[in-house]
Amino acid sequence: MEAVRLVILGRQGSGKGTQCARLVATYGPVHVSTGDMLRSAVEEGTDLGRRAGALVDAGELVPDDVMIGIVAERLAKQDVVDHGFLLDGFPRTPAQADALGEIMGDAGLARAVNIDVPVDEATDRMLSRARTDDTEEAIRRRLQLYESTTEPLLAWFEEHGLLSVVDGLGTEDEVFERLRTVVEGAPA
Ligand code: ADP
């Protein structure tokens, strides 16, 4: 099987993080999570961390040019070239989606899979976990931004013939089996 190169979409609380970890364990791609990258930058107190910290805590989006730079740099690294990637948290805006097309260039656009969970269930799941940016207000803001800015990207991937949708309700195992079908059935 070729290296997995997949964009993972799905609103906050869809189980993306959990399923990404399982996909990594099974297929070996590099998990490129922009949220994780930002949170470690904040923790380490880097330039990026200082610029992004307040936005992340408030659930606001970090500016496109910053995010595009980070992702372009990460996807160019040798481990990603060798083992493929799961892109988690990016693209989140139309400008980011366009930039991803350019970043992929000759390699062609990556397929996207949407882990679909209704907003009420997603909210409940998020409130029961304990990340520092999971205050009720920040959660509300992130879900709102998802509906207004990120959800339209589903249509973008769909129009490009690149979207698969997986039902995100059910047990972790059930959702993972659905993802396996997408990953193994995807045209090379
Ligand atoms: P969630 O999916 O729960 O919102 P993430 O870990 O993907 O969490 O992102 C956490 C925060 O990091 C976001 O609320 C936002 O502030 C910032 N962020 C992550 N990815 C992006 C992106 N592609 N564009 C802009 N901001 C981002």
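Considering only region 1-20, state which residues are part of a loop (DSSP other than H, G, I, E, B), within 17 Å of F85 (Cβ to Cβ) and within 13 Å of the chain's Cα centre (by Cα).
At the first step, the residues of region 1-20 found to be part of a loop (DSSP other than H, G, I, E, B) are 1-3, 10-15.
Next, only the ones that are within 17 Å of F85 (Cβ to Cβ) stay: 1-3, 10.
Scanning region 1-20 gives a single hit, G10.
Filter region 21-49 down to residues that are within 14 Å of the ligand (Cβ to nearest atom), closer than 22 Å to D64 by Cα and in a helix (DSSP H, G or I), then give me how many there are. Full working, then the answer.
Step one: of region 21-49, the residues within 14 Å of the ligand (Cβ to nearest atom) are 21, 31-43, 48-49.
Next, only the ones that are closer than 22 Å to D64 by Cα stay: 31-43, 48-49.
Still in the running and in a helix (DSSP H, G or I): 34-43, 48-49.
Total meeting the criteria: 12.
Matching residues to (1) farther than 15 Å from Q12 by Cβ; (2) not hydrophobic (A, V, I, L, M, F, W, C):
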| position | (1), (2) |
| --- | --- |
| F90 | no, no |
| G105 | yes, yes |
| G108 | yes, yes |
| V117 | no, no |
| S128 | no, yes |
| R141 | no, yes |
| S148 | no, yes |
| G168 | no, yes |
| D173 | yes, yes |
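For (1) among the aromatic types (F, W, Y); (2) free of Cβ contacts under 8 Å to residues at least 12 places away in the same chain; (3) farther than 27 Å from V42 by Cα; (4) surrounded by 13 or more Cβ atoms within 10 Å (Cβ to Cβ), each residue gets a yes or a no:
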| position | (1), (2), (3), (4) |
| --- | --- |
| V81 | no, yes, no, yes |
| G84 | no, no, no, yes |
| A95 | no, no, no, yes |
| V113 | no, no, yes, yes |
| D124 | no, no, no, no |
| L162 | no, no, yes, yes |
So S148 ticks every box in (1) under 26 Å from V56 (Cβ atoms); (2) in contact (Cβ under 8 Å) with a residue 24 or more places away in the chain but one. Which box is left unticked?
(2)
Working only within region 130-160, note down all residues that are exposed (fewer than 11 other Cβ atoms within 10 Å of the Cβ) and under 21 Å from L87 (Cα atoms).
S148, A155, E159
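I want to confirm something. Restricting to region 132-144 and keeping residues that are of a type outside the set (S, T, N, Q) and either in contact (Cβ under 8 Å) with a residue 24 or more places away in the chain or closer than 23 Å to V182 by Cα (or both), which single residue is nearest to the ligand (Cβ to nearest atom)?
My answer is R142.
Can you say whether T149 is at pLDDT below 90 and polar (S, T, N, Q), as far as the supplied structure shows?
Working: at pLDDT below 90: no; polar (S, T, N, Q): yes.
So T149 does not fit the description; no.
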Every residue from region 84-121 that is closer than 16 Å to S164 by Cβ and not in a loop (DSSP other than H, G, I, E, B):
L86, L87, D88, R111, A112, V113, N114, I115, D116
Among the residues that make up region 99-109, is at least one of them over 28 Å from A25 (Cβ atoms), touching a residue at least 40 places away in the same chain (Cβ under 8 Å) and within 14 Å of the ligand (Cβ to nearest atom)?
no
I'm checking my understanding of the structure. Among residues of region 67-91 that are more than 16 Å from the ligand (Cβ to nearest atom) and in contact with a Gly (Cβ under 8 Å, 6 or more places away or on another chain), which one is nearest to A112 (Cα to Cα)?
G84
What number of residues within region 50-66 are assigned to a loop (DSSP other than H, G, I, E, B) and within 7 Å of the ligand (Cβ to nearest atom)?
4
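The values are calculated or read from the model by the stated rules, or taken from the named source; none is laboratory data. In this text the structure is predicted, and so the values were computed from the model without any measurement. In this analysis, Cβ positions are derived from the backbone assuming ideal geometry, glycine residues included, and neighbour counts consider all displayed protein chains.
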